[in-house]
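Data block below; observations after.
The values are calculated or read from the model by the stated rules, or taken from the named source; none is laboratory data. Just so it is clear, the model here is predicted, and its values are computed rather than measured. Virtual Cβ from ideal backbone geometry, glycine too; neighbours counted across all protein chains shown. Quick note on the areas: whole protein, heavy atoms, side chains included, nothing else; ligands and nucleic acids left out. Shrake-Rupley method; radii C 1.70, N 1.55, O 1.52, S 1.80 Å.
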Amino acid sequence: MTRMKPLLERNEQFARTYTPLSLGLPAAQMLVVTCLDHRVDPAIVLGLQLGDAPVIRNAGGRITQAVIDDIAFLAFLAEQLFGRQGPADTLFEVAVVHHTQCGTGFLADPDFRRQAAEATGVPEATLETSAVADPHLTVKTDVERLLASPLLSPKVSVSGHVYDIATGRVTTTLDARYP
Ligand SMILES: [Zn+2]
């Protein structure tokens, strides 16, 4: 028994009309970093189609070292494989999208954080850095963090946005900037 059964049935529907894509630059020339929250699926919220944009998701949509490493690798890969096909000075834009009502917001509360650390074994300091209490503030922090990383390619720009769970609307907090 698996709860995947209804999802596999949906996949069967999907596969019936599917056309495979070859590996290429993301059609939207975007890479999205956002929260793993199941109310925040960028394919639906931003209307992304297959081949449009890689998406990196974690709790809060935070710019962690692991996320920076992935972005650095993807920029390297894009340049190696497709560097001569795209515009010479740009590869893609990273959109960091945080959201309201984020579950990580509970981690801003010290008691909750201590209990979470005890239950999961994740250090309290790590949990504290993943908390999104005010998405407008954290998205700025994370855009700056990514722009300041020596691993970020100068051909990659970074922008910051907030998704409002109550309205379904995404607003731009920081326009795209190069490092
Ligand atoms: Zn979230």
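Details
- Estimated inter-spin distance, Leu23 and Ala125, nm [label 7 Å along Cα→Cβ]: 3.8 nm
- Cα gyration tensor shape of the range 43-87, rounded if a/c is under 1.5, else prolate or oblate by comparing a/b with b/c: oblate
- For the range 1-58, alpha-carbon Rg and Dmax in angstrom: 13.7, 40
- Computed with a 1.4 Å probe over protein heavy atoms only, the accessible area of Lys5 comes to about 120 Å².
- Basic side chains Lys and Arg get +1 at the Cβ, acidic Asp and Glu get -1 at the Cβ, and with that the dipole of the chain about its Cα centre reaches some 400 debye.
- Projected label points at Asp89 and His136, each 7 Å from Cα along the beta carbon direction, are separated by 3.3 nanometres.
- Accessible area expressed per residue, the chain, with surrounding protein chains retained (probe 1.4 Å, Å²): 61 Å²
- Pairwise inverse Cα distances across the chain, averaged and inverted, put the Kirkwood hydrodynamic radius at 17.8 Å.
- Sorted largest first, the spans of the alpha carbon positions of the range 56-144 along the three principal axes are 53, 26, 17 Å.
- Inter-site label distance for Arg39 and Ala15 at 7 Å from Cα along Cβ, in nm: 3.4 nm
- Dividing the summed helix terms, -39500 (n - 2.57) for each DSSP H run of n ≥ 4, by the number of residues in the chain produces a 222 nm estimate of -11000 deg cm²/dmol to the nearest 500.
- Binned Cα-Cα distance frequencies in the range 1-102 - 10 Å width, integer %: 13, 36, 34, 16, 2, 0
- Between Gln80 and Phe112, the contour length at 0.36 nm per residue exceeds the alpha carbon distance by 7.0 nm.
- Selection from Val162, Thr129, Thr172 lying farthest towards where the dipole of the range 117-179 points positive, charges on Cβ: Thr172
- Portion, in percent, of the accessible area of the range 132-175 that falls on carbon or sulfur, probe 1.4 Å: 54 percent
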